[in-house]
Amino acid sequence: MKEMSQMITIELNGQQQPLSPGSTVNDLLAIVGSDGKSVAVLVNDRIIRPENRATHQLQEGNRVELLIFAGGG
Amino acid sequence: MDVLQLGSYTFSSRLILGTGKFSNSRVMLDAVRASGAQLVTVALRRFNREQLEDDLFGPLSAIEGITLMPNTSGASTAAEAVRAAHIACELSGSPFIKVEIHPNPQHLMPDPIETFEASRILAKEGFLVMPYIAADPVLAKRLEEVGCASVMPLGSAIGSGQGLATSEMLNIIIRESGIPVIVDAGLRSPSEAALAMEMGCEAVLVNSAIAVAGNPSEMAEAFAEAVAAGRKAFRAGLMQKSGSAVATSPLTSFLGTL
């Protein structure tokens, strides 16, 4: 069990989200329960493509947006 | 074969469906199937782990013959719409983008300046741009000139059910346009969709009228039939209107012979 002081905090869809240091985008997707197939990922306004999610590490203070297609006209 | 041509894409259905306001995803998906629509618009929203059923990408992609046309709703500037288009394309792989920029939630009227700028940028980048606009013939022509795949003027305000309140302007846009004109927003009844097609629209986009109907799937079918009938009538050629009666039966050489 890691101490809270060892955790980093990111902003996920506008909410604070603690993460273990070194967590990747895929780690985050697993935490929130997304298979990642139908989610667009932006880190600090930059799109992270599926092939880069396993290696892209999140940093303290990163602003992460997870977006899906929902109903709209 | 009479098809709707948008860029290099062809569609046999001329009914485009919106996916908002349905009571749940199952009802929406049933209506999409019943409509026979091949082009369906969706919106970008934040992922919510408590509402996984909101995610429509998988279920819609599973319907055979469906092409997604993401929209940029929520954007209030051209820059936001361009950003939304890039994200949507990343997610869907579809070249279609419905540019929808309405900064005022009270009336939801599209911002012509931001819409033009976003459409210009996205068309240049290779998107098949489908801008939602007021029924403005000048703007429609300018959007054609910058390479949009269609123009989508409103029949009346989004979700209002006021029908073809802009029909005078729509007629001018249709007459002047070299790209497909698609009425988007405001339609309430299948007869209005048929009328839009008879006027020469290439397609109609319907959402609320189907989504909030008592039986959405049945209404989707009704719209599909109306759109097909309106298109057929347009192609068949409507008779000219006359200011006075024109007899359909012979009025002479009858009584005098008795």
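The values are calculated or read from the model by the stated rules, or taken from the named source; none is laboratory data. Just so it is clear, the model here is predicted, and its values are computed rather than measured. All Cβ positions, glycine included, derive from the backbone under ideal geometry; neighbour counts span all protein chains shown.
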Legend entry - Single residue of region B:78-132 satisfying the filter (basic (Lys, Arg) and assigned to a helix (DSSP H, G or I)) that is surrounded by the fewest Cβ atoms within 10 Å (Cβ to Cβ): B:LYS124
Inset, instruction - Give me a count of the residues in region B:231-258 that are touching a residue at least 12 places away in the same chain (Cβ under 8 Å) and either touching a Pro at 6+ places or on another chain (Cβ under 9 Å) or in a loop (DSSP other than H, G, I, E, B) (or both). - result: 1
Legend entry - Checklist (1) in contact with a helix residue (DSSP H, G or I) (Cβ under 8 Å, 6 or more places away or on another chain); (2) facing chain A (nearest Cβ under 10 Å); (3) modelled with pLDDT under 95 applied to B:GLY18, failing item: (3)
Inset, instruction - Identify all residues within region A:40-73 that are assigned to a strand (DSSP E or B) and either farther than 26 Å from A:MET7 by Cβ or without any contact (Cβ under 8 Å) to a residue 12 or more places away in the chain (or both); write none if there are none. - result: A:ARG46, A:ILE47, A:ILE68, A:PHE69, A:ALA70, A:GLY71
Inset, instruction - Output the residues belonging to region B:47-65 that are closer than 21 Å to B:ASN207 by Cα, surrounded by fewer than 19 Cβ atoms within 10 Å (Cβ to Cβ) and not acidic (Asp, Glu). - result: B:GLY58, B:PRO59, B:SER61, B:ALA62, B:ILE63, B:GLY65
Inset, instruction - Only one of these is closer than 17 Å to B:ILE97 by Cβ, more than 9 Å from chain A (Cβ to nearest Cβ) and out of contact with any helix residue (DSSP H, G or I) (no Cβ under 6 Å at 6 or more places or on another chain): B:THR67, B:THR10. Name it. - result: B:THR67
Inset, instruction - Can you run down the residue pairs with Cβ atoms below 7 Å, 6 or more apart or on separate chains, where the first is in region B:126-148 and without any contact (Cβ under 8 Å) to a residue 60 or more places away in the chain and on the phi > 0 side of the Ramachandran plot and the partner is assigned to a helix (DSSP H, G or I) and small (Gly, Ala, Ser)? - result: B:GLY147/B:ALA123
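The rows are residues; the columns are (1) among the basic types (Lys, Arg); (2) closer than 26 Å to B:ARG175 by Cα; (3) modelled with pLDDT under 90.
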| site | (1), (2), (3) |
| --- | --- |
| B:PRO216 | no, no, no |
| B:MET219 | no, no, no |
| B:GLU225 | no, yes, no |
| B:ALA228 | no, yes, no |
| B:LYS232 | yes, yes, no |
| B:LYS241 | yes, yes, no |
| B:SER249 | no, no, yes |
| B:THR252 | no, no, yes |
Legend entry - Members of region B:37-64 found to be touching a Lys or Arg at 6+ places or on another chain (Cβ under 9 Å), within 10 Å of chain A (Cβ to nearest Cβ) and of a type in the set (Val, Ile, Thr), listed by number: B:THR41
Inset, instruction - Could you list all residues from region B:159-183 that are in contact (Cβ under 8 Å) with a residue 60 or more places away in the chain, in contact with a strand residue (DSSP E or B) (Cβ under 8 Å, 6 or more places away or on another chain) and over 15 Å from B:PHE234 (Cα atoms)? - result: none
